[in-house]
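*Asks:* Below you will find the structure I want to go over with you.
The values are calculated or read from the model by the stated rules, or taken from the named source; none is laboratory data. Everything numeric here is computed off the predicted structure, so don't read it as measured data. Cβ placement follows ideal geometry from the backbone for every residue including glycine, while neighbour counts extend to all protein chains displayed. Ligands, DNA and RNA are excluded from the accessible area calculation, which covers all protein heavy atoms including side chains. Shrake-Rupley method; radii C 1.70, N 1.55, O 1.52, S 1.80 Å.
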Amino acid sequence: FQPEDIIAEVKEEQDGQDIIIKIKEVTKYYIEVKSRWDKKSSIKMSKNQTLRSNEQKLNYALCSVDMTDYFGDDRFEIADISKIIDNIKFINNIGEHVEHLIDVLKQTDKVEEIHLDGDYRTLIPQSIITDYGKPISEFETYLIDLLKK
């Protein structure tokens, strides 16, 4: 593929993915970006994000940006990513990690049966991000290799 064939869209859709990478108008990869601002809390994915990550196991990554230790004046508008590069981790197999939740989440759509109600969120413990998260440089290499296939 040629560089002009690659389109990266930043979506502003509720419950969708933040970045969708397309090659020749064909969706190839999804990236959901979540930030963490408080050490007491973990990041969460919506029901739809969790389901999509599982459906697109090989083409979906969760990007975690941990802002809990960054207190610069530009904290809410980072212009230079190098300031927080070590705080960014990618879990490119998040869809595998949520496999055990999928049947329960799908049951919420069965309105004629007894089912759980509500918009359940998938909580991703910080330990999962620490143990499985890849730095941006490693993810970049992974993604380029994947897109070349």
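*Asks:* Do any strands (runs of 3 or more DSSP E) lying entirely in the stretch 26-107 carry at least 1 residues that are in contact with a Phe, Trp or Tyr (Cβ under 7 Å, 6 or more places away or on another chain), crowded, with 16+ Cβ neighbours inside 10 Å and of a type in the set (Phe, Trp, Tyr), and which ones are they?
*Replies:* Here the list reads 26-36, 60-66, 88-91.
*Asks:* Name the pairs: first residue in the stretch 107-127 and acidic (Asp, Glu) and modelled with pLDDT under 80, second residue open to solvent by less than 100 Å² (accessible area, probe 1.4 Å) and in a loop (DSSP other than H, G, I, E, B), Cβ to Cβ under 9 Å, at least 6 apart or on different chains?
*Replies:* These pairs meet every condition: Asp109/His115; Asp117/Thr108; Asp119/Asp15; Asp119/Ser46; Asp119/Thr108.
*Asks:* Tell me, which residue of the stretch 8-34 that is at pLDDT 65 or above and among the polar types (S, T, N, Q) is nearest to Lys47 (Cα to Cα)?
*Replies:* Gln17
*Asks:* While we're on this one: Of all residues being among the hydrophobic types (A, V, I, L, M, F, W, C) and out of contact with any helix residue (DSSP H, G or I) (no Cβ under 7 Å at 6 or more places or on another chain) in the stretch 62-87, which is nearest to Ile136 (Cα to Cα)? Just the residue, please.
*Replies:* Out of the qualifying residues, it is Cys63.
*Asks:* Ok, one more. Would you point out which residue out of Asp74, Asp66, Asp103, Asp80 is among the charged types (D, E, K, R) and closer than 16 Å to Lys34 by Cβ?
*Replies:* From the options Asp74, Asp66, Asp103, Asp80, the qualifying one is Asp66.
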